[in-house]
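Please read the structure below before turning to the comments.
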Amino acid sequence: ADQVRRDAWVHTYAGSVGDMAGGQAGSSQYLGLVLDSEESKNIAVVHKTNQGYSGKDLWKLKQEKPELFGQAANFGGAGAGLPVGKRPPQGFQESYDLPGFFYNPDRATYWHQASGQLYCRDPTNGELIEMHKGEDISSTLSIRGDATACVASGGKASRHVVISDLHRAAASMKLDFSHHDIPAAMFAVYDAHVGGSAVAEAAAKGLHGRLLPRLAQHRGRWQNDRLERVMVESIEHLAREIGSDGNVGIAAALLLGGRLTLACTCGAVCVLFGSDAMADGSADNLDVVSAGPVPEAHCVVLEDSHLGALLTVDSVCKAGLTPERLRTLARSHVAAERPRAACITVLEAARKDGAETPLVAAALRLSWAQRQDLEVPTPKRLRVETLMKVRCRHILLKHSASQEPAGERSSSRKKATRSQSEAEIKLLGMLWELALGGASAFTTQCRAVSECDTALRGGDLAGDLGWLDRDEKKNRKVPGPVVRAAFMLNVGQLSDIVASERGVHLLLRTA
């Protein structure tokens, strides 16, 4: 009889905890009672943990740690009386139109009792599909990209956007992206020759805002043709929305795990290439070109022989730069993990061949782990990713838009009048000499051309920035882009061309 009374008390007390989670005050008649059963103690722990919180934390705790609640968690709810392995997750109710399924209206998700699998509705046809959990292949494949542009003399400018982590971008928009693989990134260029600067800027601000909600909507496994269709729909929707009469010049690349979707419009071009410079006709190479406003899209399943891709606009192609020549210009810099240098090389070649500014290009580098290192990262890469401090030297060239650090007096040098493009081209001209010449060549060039006071330091300290901390806030007067680039280098490695508010830089990591 005592056991029956104790079990009845546990049942009643569990109900009072639920009332408190709903915002009602708990009954004072239970205060001060001694809990003498293991189940009662578990409920007391939950009650204490959730004091002062809303019911959201309570149901989440029930879902993640049902053992704290014992049998009381399912009294009177869906699946009450069922064996533990057959009970639905918290928040699911029996679905009367689908026998054997339970439904969570808040998450629009079904739970299949027999298999324990989660399902959802396909947004296009309403069919029930198994939910997909994205795979993290970042230990096998990583991506790095950059872009640059040449502004016309009248200020007309094309645009570019690089989003290196779409999962983080989706989270900022409160979108569920867990069904997509990692890494996930987007690169795009927008042509100001099509519709003008205002259209290019509106497109740059709007494409990912149209694309990510579409990618989040379907939570099942994505097929290649679906990715292509969503890219086309997003571009067409954007063109209509910004009022450009359906004309917007775009070249875009969407990476989701081991698949790359390329799309373009209005003469823009996307070229994918492999690491073999002699294999222009190989299966690793792909050209996606659109002559008119109707978007062209193609999804590629990547192989470890793929090296990278280049995106650029119609005016570059009209200057005579064929896809084969674009690959030739970009490949060596991309292989050396310098995608920005690849873009600068392409745009400078186009300008020399008569291309009309504004111009823009983006490049991305696909880095594959060695097959024998798929489970354990190489020690070299692991060391770069876990270090908290590195030391670098730099060469700085300023341009007309450069800014001095806050609180620092301007040097005796005259304000630079060159454009950013001109500064980048000057650094590009010495890049291969520095890459081959090592520290001594870097010292010589730093003293000759660098426009930072650190160039005056003696010996091999010319251009020295000192020890840089991974926490960017701790690096006084050193711009964030420089710090991030420094931590991507190995000792003795020369960086890509880096742009910051102070100008453009080349870095050499020394320790």
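The values are calculated or read from the model by the stated rules, or taken from the named source; none is laboratory data. Quick caveat, the model's predicted, so the values are computed rather than measured. Backbone-built Cβ (ideal geometry, glycine too); neighbour counts: all protein chains shown. The protein model used for the area step is the full one, side chains on, heavy atoms only, and it has no ligands, DNA or RNA in it. Shrake-Rupley method; radii C 1.70, N 1.55, O 1.52, S 1.80 Å.
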(message) Among the numbered criteria (1) assigned to a loop (DSSP other than H, G, I, E, B); (2) modelled with pLDDT of 90 or more; (3) touching a helix residue (DSSP H, G or I) at 6+ places or on another chain (Cβ under 9 Å), which one does residue 411 miss?
(response) (2)
(request) Scan (1) open to solvent by 50 Å² or more (accessible area, probe 1.4 Å); (2) modelled with pLDDT of 90 or more for the single condition residue 428 breaks and write down its number. (result) (1)
(request) Return the residue satisfying two criteria in turn: it lies in region 440-455 and is without any contact (Cβ under 8 Å) to a residue 40 or more places away in the chain and hydrophobic (A, V, I, L, M, F, W, C), and of such residues it is least open to solvent (accessible area, probe 1.4 Å). (result) 441
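Per-residue answers, yes or no, for (1) β-branched (Val, Ile, Thr); (2) out of contact with any Pro (no Cβ under 6 Å at 6 or more places or on another chain); (3) in a loop (DSSP other than H, G, I, E, B):
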site	(1), (2), (3)
115	no, yes, yes
119	no, yes, no
124	yes, yes, yes
133	no, yes, yes
138	no, no, yes
142	no, yes, no
145	no, no, no
148	yes, yes, no
154	no, yes, yes
(request) Please specify each residue of region 124-134 satisfying the condition of being out of contact with any Gly (no Cβ under 6 Å at 6 or more places or on another chain) and either within 22 Å of residue 365 (Cα to Cα) or open to solvent by less than 60 Å² (accessible area, probe 1.4 Å) (or both). (result) 126, 128, 131, 134
(message) Suppose we filter 458, 437 for residues that are out of contact with any strand residue (DSSP E or B) (no Cβ under 6 Å at 6 or more places or on another chain) and open to solvent by less than 40 Å² (accessible area, probe 1.4 Å); which single one remains?
(response) 437
(message) Just to verify a result, which residue in region 168-183, among those that are open to solvent by 70 Å² or more (accessible area, probe 1.4 Å) and not in a loop (DSSP other than H, G, I, E, B), is nearest to residue 134 (Cα to Cα)?
(response) 168
(request) Take residue 312 and decide whether it is under 16 Å from residue 366 (Cα atoms), in contact (Cβ under 8 Å) with a residue 12 or more places away in the chain and either open to solvent by less than 40 Å² (accessible area, probe 1.4 Å) or among the aromatic types (Phe, Trp, Tyr) (or both). (result) no
(request) May I ask you to list the residues in region 184-206 that are of a type in the set (A, V, I, L, M) and either within 15 Å of the chain's Cα centre (by Cα) or part of a loop (DSSP other than H, G, I, E, B) (or both)? (result) 184, 185, 186, 188, 192, 194
(request) Answer with yes or no whether residue 237 is in contact with an Asp or Glu (Cβ under 8 Å, 6 or more places away or on another chain) and either more than 30 Å from residue 127 (Cα to Cα) or open to solvent by 10 Å² or more (accessible area, probe 1.4 Å) (or both). (result) no
